[in-house]
Amino acid sequence: MTFLRRQLPLLITLVTGLLFAAQYYIPHPSSELMLTSVSKWLQIIGGFALILGVTSLFRIHAVKIRRKEPGWGYSFVLYAGMIGTIVIGLWHGGKETTDGITTTFGWIYTFMMVPLQGTMFAILAFFIASAAYRSFRARSREAAVLLIAAIIVMMGRVPLGEHLIPISGDITQWILNVLNASVRRAILIGVSLGAVALSLKIMFGVERAYLGGGKE
Amino acid sequence: MNFAERMLHIDRRIIFLMIGLCTLIPLLYPVGLAIKVSPEVKSVYDYIEALPEGSVFLLSLDFDPASKPELYPQAVALLHHAFKKNLRVIGMTLWLPGTGMASEVVSRVAREEGKVSGKDYVFLGWSPGASSVIINMGQDLYKAFPTDYNNQPTTELPVLKGVQSLRDVAYVISLAAGSTGIETWYVFGKDKYKFELGGGCTGVIAPGLYPLLRSGQINGLIGGLRGAAEYEVLIGRKGNAVAGMDAQSATHFAIILLVILCNVFYLLTRTSKNRAEQSLR
């Protein structure tokens, strides 16, 4: 059992990891064919992952409703919304329109999901303004630099700013293209090196957290 | 509590009201200030403009309805431009919640431009896997999407004639609201299958994509509502993005004013506290 639970997954990870790292550099037709097949597998596995995610969500909220935990009413709304949408979606074959006529599934999407998500995102503007007023203070020299840069960029990204101070647009471009890009690139390089190191650790079995817990 | 301290603890509903009015009033009474086009948006426009008629243009609408105000106008402007140039348009999405919206915008703009589904454009829809979808499309587009969103077999579509994989696509643009988007298309697509890649994104993720722009990994970037407005100016078709720029100007200035005021009150409070401490000593 230990072989199936530990050694075999580690072996599969090592072999596939090395194989597909090498595949990138081998443009032979058989190597490309292998990549085509495996990428199709990945798409299929992705589909199953979706089912797994939905099942897990159902289970978590079922427990909340059964135990009447705080906020169980929201879980009930989630259940009703999900089951309703799935049933109606399956009934209409997942189509928002049929022969140019909006289906019930399309109605739910257009008139419930789209405005609700839009509203949630739009509320951010109000919270950002309130948070900026309360916390964007020049408490130190570094904070003052950040504050001045933010004000310039906010001015330079809108027509009114460029109309009042024409140079603000060019300064904004310089801040984004030079200062911001170089710092972001440094972060990206660091993150990428970390990802390479983690991949190697997973491939060679040093990092095994993905195997989950359980007895040896 | 003195005046400055009171102002620092102002009721946040006053701030909400201020932002609400700054958004609403310019939408009702637009000023229409001139919009300057940035080089990164011009690059995208110039590249599409230079594509020969019949070239394959893939637009990946990688966003959900939450980002509709910023990215939908970008999609509309890009699609109008591509259809005007008589490019063969492939639409798709890597974001499941955005599928219906993406399908609607592609078919709506195509209808406005008098284009026919299957002949002039195709909407492939969504397929699970994100990065593996891109790899699969790079290997064989018909295996990644055997049918389009309307269940038509993709092998039979005239719009895809001569297109076997991403290698046959002249230009890809990803309109992204998050990490599955422009970066994914670069890492798993452009790097291996050698097509030209451009990007469009929400304002909040735009600064993070400048390194890709500077290194030539993407040839242009349309950032937020401002980018969409610039593109609308370039194609000479002013729409929702240009209309929203006055509101964005007003809200940006409202936030700038609030930040300046809060710092003035903060400095006044700090100075009075310092004075009080000195007098106690």
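Evaluate the stretch A:99-118: report whether one residue or more is of a type in the set (Gly, Ala, Ser), touching a helix residue (DSSP H, G or I) at 6+ places or on another chain (Cβ under 8 Å) and under 27 Å from B:GLN248 (Cα atoms).
Yes, the stretch A:99-118 contains at least one residue that is of a type in the set (Gly, Ala, Ser), touching a helix residue (DSSP H, G or I) at 6+ places or on another chain (Cβ under 8 Å) and under 27 Å from B:GLN248 (Cα atoms).
List, please: which pairs have Cβ atoms under 6 Å, are six or more places apart or on different chains, and start with a residue in the stretch B:96-108 that is closer than 19 Å to B:ALA82 by Cα and more than 9 Å from chain A (Cβ to nearest Cβ) and end with one that is among the aliphatic types (A, V, I, L, M) and in a helix (DSSP H, G or I)?
B:VAL105/B:ALA75
Yes or no, residue by residue, for (1) within 20 Å of B:HIS81 (Cα to Cα); (2) modelled with pLDDT under 95; (3) in a helix (DSSP H, G or I); (4) in the same structural domain as B:LEU79 (by TED's automatic domain parsing):
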| residue | (1), (2), (3), (4) |
| --- | --- |
| B:LEU212 | no, yes, yes, yes |
| B:GLY216 | no, yes, no, yes |
| B:ILE222 | yes, no, no, yes |
| B:ALA228 | yes, no, yes, yes |
| B:VAL233 | yes, no, yes, yes |
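Looking at A:MET34, is it among the hydrophobic types (A, V, I, L, M, F, W, C), over 23 Å from the mean Cα position of the chain (by Cα), assigned to a helix (DSSP H, G or I) and within 13 Å of chain B (Cβ to nearest Cβ)?
Answer is yes for this residue.
Mind checking which residues of the stretch A:49-58 are without any contact (Cβ under 8 Å) to a residue 24 or more places away in the chain and either closer than 16 Å to A:ILE86 by Cα or touching a helix residue (DSSP H, G or I) at 6+ places or on another chain (Cβ under 8 Å) (or both)?
Selection gives A:LEU50, A:ILE51, A:LEU52, A:GLY53, A:THR55, A:SER56.
B:LEU197: more than 13 Å from chain A (Cβ to nearest Cβ), surrounded by fewer than 20 Cβ atoms within 10 Å (Cβ to Cβ), among the hydrophobic types (A, V, I, L, M, F, W, C) and more than 30 Å from A:ALA129 (Cβ to Cβ), yes or no?
It is false that B:LEU197 is more than 13 Å from chain A (Cβ to nearest Cβ), surrounded by fewer than 20 Cβ atoms within 10 Å (Cβ to Cβ), among the hydrophobic types (A, V, I, L, M, F, W, C) and more than 30 Å from A:ALA129 (Cβ to Cβ).
Based on what the data block shows, is B:ILE135 under 22 Å from B:SER67 (Cα atoms) and modelled with pLDDT of 90 or more?
Judged against the criteria, B:ILE135 is not a match.
Starting from the stretch A:173-199, keep only residues that are among the charged types (D, E, K, R), then list their pairs with residues that are surrounded by 12 or more Cβ atoms within 10 Å (Cβ to Cβ) whose Cβ atoms are within a distance under 6 Å, requiring at least 6 positions of separation or different chains.
Pairs found: A:ARG184/B:GLY208; A:ARG184/B:PRO211; A:ARG185/B:PRO211.
Considering only the stretch A:132-146, I want to know if a residue exists there that is under 29 Å from the mean Cα position of the chain (by Cα), more than 8 Å from chain B (Cβ to nearest Cβ) and under 13 Å from B:TYR266 (Cα atoms).
Yes: one or more hits.
Which of the residues spanning the stretch A:52-105 are touching a Gly at 6+ places or on another chain (Cβ under 7 Å), outside any loop (DSSP other than H, G, I, E, B) and not aromatic (Phe, Trp, Tyr)?
Answer for the stretch A:52-105, where residues must be touching a Gly at 6+ places or on another chain (Cβ under 7 Å), outside any loop (DSSP other than H, G, I, E, B) and not aromatic (Phe, Trp, Tyr): just A:THR97.
From (1) closer than 16 Å to B:VAL159 by Cα; (2) part of a helix (DSSP H, G or I); (3) in contact with a helix residue (DSSP H, G or I) (Cβ under 9 Å, 6 or more places away or on another chain), pick out the condition that doesn't hold for B:LEU78.
Looking at each condition in turn, B:LEU78 falls short on (1).
What pairs come up if the first residue lies in the stretch B:137-165 and is more than 10 Å from chain A (Cβ to nearest Cβ), the second is in a strand (DSSP E or B) and among the basic types (Lys, Arg), and their beta carbons are under 7 Å apart, counting only those six or more places apart or on different chains?
From the stretch B:137-165, the pairs are B:VAL159/B:ARG88.
Scan the stretch B:9-17 and tell me whether some residue there is crowded, with 17+ Cβ neighbours inside 10 Å and closer than 30 Å to B:LEU212 by Cα.
Checking the stretch B:9-17: not a single residue is crowded, with 17+ Cβ neighbours inside 10 Å and closer than 30 Å to B:LEU212 by Cα.
Has the stretch A:184-195 got at least one residue that is within 9 Å of chain B (Cβ to nearest Cβ), closer than 22 Å to B:GLU230 by Cα, surrounded by 13 or more Cβ atoms within 10 Å (Cβ to Cβ) and not acidic (Asp, Glu)?
no
Quick check on the stretch B:78-91. Is at least one of its residues within 14 Å of chain A (Cβ to nearest Cβ), touching a strand residue (DSSP E or B) at 6+ places or on another chain (Cβ under 6 Å) and either over 24 Å from B:TYR231 (Cβ atoms) or surrounded by 24 or more Cβ atoms within 10 Å (Cβ to Cβ) (or both)?
Scanning the stretch B:78-91 turns up no residue that is within 14 Å of chain A (Cβ to nearest Cβ), touching a strand residue (DSSP E or B) at 6+ places or on another chain (Cβ under 6 Å) and either over 24 Å from B:TYR231 (Cβ atoms) or surrounded by 24 or more Cβ atoms within 10 Å (Cβ to Cβ) (or both).
The values are calculated or read from the model by the stated rules, or taken from the named source; none is laboratory data. These figures come from a predicted structure and were not determined experimentally. Counting neighbours? That spans all protein chains shown, and the Cβs are built from the backbone with ideal geometry, glycine included.
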